[in-house]
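Heads up, the thing below is written out as C-alpha cells.
The values are calculated or read from the model by the stated rules, or taken from the named source; none is laboratory data. Keep in mind the model is a prediction, meaning the values are calculated, not measured. Cβ atoms come from the backbone with ideal geometry, glycine included; neighbour counts cover every protein chain shown.
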Amino acid sequence: QPEHSPEPAFPIPAGVFAETVTKVTHYTDSLFAFRITRPQSFRFRSGEFVMIGLPNAAKPVYRAYSIASPAWDEELEFFSIKVANGPLTEHLQKIQVGDTVLMRKKPTGTLVHDALKPGKRLFLFSTGTGIAPFASVIRDPETYEKFDQVILTQTCRGNAELAYGRELVETSKADELMSEFIGDKLIFHASATRDGETRGHRITTLIENGKLFEDLAIAPLNPETDRAMICGSMAMLKDTEALLEARGFEEGANNKPGTFVVERAFVD
Ligand code: A2P
C-alpha cells in the first residue's frame, strides 16, 4: 500500500463531480494553487465560485472556492490558503497530482459582469486569496470588450504572498492569445502592508490619500465611468465598500446591476 494513495478512501457522494488534480503549486507556507480536470458539462461565469471538498469522509466538508481560471480553460484552477486546523484546508494543502477533488455542480457568485452596469474602467480590489476570482476575470476576453482599462489591486501582509498575482499578470500579458485582448489595458498594483517599501499601504489608505491614482497615473474614482469588484477579508470588504459608497457608488447584484459588487461567500 503506497503511503499516498490516489484512490478515494470513501465512495464518491451522489450528485457531485469527482475531478482529478493535474497540478499543485505551493507559493508560501500559507498559500498554494491547484488545478483539476474540468467536467465537460460544467459551465460558469468568470468570477463565480463553487463548493470544493475531498473524498476523505463519509460526509465531506465543503468550502466556497472562487474559480481562478477563465471560462475558456480546459481545466479549473483554484488559489487557497493553508490553515493548520482548517477542516478542509489542512487536508487540501496535501493534495498531489492524481488525487480526487469533489466539486458541487452549481457555480454562483456576485463578482460577475452581469451584476455591473456598463462602464469605462473596471477596478478589481483584492486582499490575499481574494485575488482568485479576478484571476478569472482578467483572463476573460469579455472584460476587455466591456472596459477600456482594468485595474487589479492586491494587498497582502508580506511580499512573498504577492507571487501568484505577479506571475498571473505577467504570464497573461505574455501569452500570445491573451495579450491580443489584454493589450495595454491591464494595470496591476501590488502592495505588502508589513514588508518593504509598501509597508502600511492598505488599499483603503491608498484610495483615501490618492496615492493609488498618483502612482498609476490614472484619474481618481468616478462612479460615472468606473465599476468595481471587491474580494477580501470581512474588514477589507466593509472598509472598501464604505469608501466607494461615500464616492457615490451603489452595490449591484445579479438581478439588479450596480456600480460595484462584493463577494461575501468566503467569510467564515
Ligand atoms: P494589514 O497588514 O495592515 O493588516 P489579513 O491576512 O489580515 O486578511 O490581511 C491581508 C491584507 O489585507 C493585509 O495586507 C492587511 O493589511 C489588509 N487588510 C486587513 N484589513 C483591512 C482593511 N480593513 N482594509 C484594507 N486592508 C485590510
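Quick notes on this one:
- The one condition in (1) surrounded by fewer than 16 Cβ atoms within 10 Å (Cβ to Cβ); (2) over 20 Å from the mean Cα position of the chain (by Cα); (3) modelled with pLDDT of 95 or more that SER5 fails to fulfil: (3)
- The helices (runs of 4 or more DSSP H) found entirely in region 163-258 that carry 1 or more residues being within 23 Å of GLY128 (Cα to Cα) and either within 16 Å of the ligand (Cβ to nearest atom) or in contact with a Ser or Thr (Cβ under 9 Å, 6 or more places away or on another chain) (or both) are 163-174, 203-208, 211-216, 234-246.
- Here GLU251, GLU224 are screened, and the one residue that is free of Cβ contacts under 8 Å to residues at least 24 places away in the same chain and touching a strand residue (DSSP E or B) at 6+ places or on another chain (Cβ under 6 Å) is GLU251.
- Filtering region 128-151 to residues that are in a strand (DSSP E or B) and within 15 Å of SER46 (Cα to Cα) leaves only VAL150.
- Any hit, region 93-100, residues being over 18 Å from the mean Cα position of the chain (by Cα), closer than 19 Å to THR25 by Cα and among the hydrophobic types (A, V, I, L, M, F, W, C): yes
- Filter result for MET229 (exposed (fewer than 14 other Cβ atoms within 10 Å of the Cβ) and either assigned by TED's automatic domain parsing to the domain that holds VAL137 or at pLDDT 95 or above (or both)): no
- Counting the residues of region 46-88 that are over 16 Å from ARG104 (Cβ atoms) and either basic (Lys, Arg) or in the same structural domain as GLU142 (by TED's automatic domain parsing) (or both) gives 1.
- One residue from VAL61, VAL50 being of a type in the set (A, V, I, L, M) and part of a strand (DSSP E or B): VAL50
- All positions within region 89-109 that are assigned to a helix (DSSP H, G or I) and either surrounded by fewer than 18 Cβ atoms within 10 Å (Cβ to Cβ) or without any contact (Cβ under 8 Å) to a residue 12 or more places away in the chain (or both): GLU90, HIS91
- Any hit, region 57-70, residues being closer than 22 Å to GLY165 by Cα and out of contact with any Ser or Thr (no Cβ under 8 Å at 6 or more places or on another chain): yes
- Of all residue pairs spaced 6 or more apart or on separate chains, those with beta-carbon atoms under 6 Å, a first member in region 113-137 that is crowded, with 24+ Cβ neighbours inside 10 Å and a second member that is of a type in the set (Lys, Arg) are LEU122/ARG227.
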